[in-house]
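Before any comments, here is the structure.
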Amino acid sequence: MQLLPVCLYHSVCVIYSNIQHITWIVNCYATGSTSGLGEQTASELYAMGATVIVASRTLSRCQDSVSRIKADYWRSQGQIFAMKLDTSDFDSVREFVKKFDNGYKALHFLVNNAGIHYISMPGNPIFNTSLKQISKQGYDMAFATNYMGHFLLTSLLMEKMTKTGTCVCL
């Protein structure tokens, strides 16, 4: 298979020329699959015919994003699905992986784009520590969402990615 560099909205990644047989999870939040870089990444992959799982903590926003993408790229031969995933909640991560394992045979690419920052959180906890948000498991919300959840998700999907033979985690 020939590798082609493809520009995806200010970022460059390498994809296969026969993208119809490639499965991607685009895992995104605040800057994610329901807007910005994540939605553009999912759009471009779907437009090229890939199977894309758009994962977000708010399923309704995720489904809206999938509807917009399908409407914009109605000629695509790809598949795109919405799935709920909140990386700040480790139970949600485990449930997502369980559902993914039951529904998909392969995973070629994982795009960990989910993230929150303190500036977007109510009351801005940088300046007011009494407003700091805590995850379900008791960790700082930003740390759980941006780092711990991604690590857990990637770790739980690693076996499937290595069995697939092509494993890229962005």
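Could you grab me the full set of residues in segment 102-116 that are more than 18 Å from Met161 (Cα to Cα) and over 12 Å from the mean Cα position of the chain (by Cα)?
Ile116
Can you pull out every residue in segment 68-91 that is in a helix (DSSP H, G or I) and either in contact (Cβ under 8 Å) with a residue 60 or more places away in the chain or surrounded by fewer than 19 Cβ atoms within 10 Å (Cβ to Cβ) (or both)?
Taking segment 68-91 and keeping what is in a helix (DSSP H, G or I), we get 68-72, 90-91.
Passing the criteria: Arg68, Lys70, Ala71, Asp72, Phe90, Asp91.
If I go through segment 138-152 residue by residue, how many of them are within 15 Å of Arg57 (Cα to Cα), open to solvent by 30 Å² or more (accessible area, probe 1.4 Å) and more than 16 Å from the chain's Cα centre (by Cα)?
1
Consider His108 carefully, then state whether it is touching a helix residue (DSSP H, G or I) at 6+ places or on another chain (Cβ under 9 Å), in contact (Cβ under 8 Å) with a residue 40 or more places away in the chain and exposed (fewer than 14 other Cβ atoms within 10 Å of the Cβ).
no
The values are calculated or read from the model by the stated rules, or taken from the named source; none is laboratory data. Keep in mind that what you see is a predicted model, and the values were worked out from it rather than measured. All Cβ positions, even for glycine, are placed from backbone atoms using ideal geometry, and neighbour counts span all protein chains on display. Remember, those area values only see protein heavy atoms, side chains included, never the ligands or the DNA or RNA. Shrake-Rupley method; radii C 1.70, N 1.55, O 1.52, S 1.80 Å.
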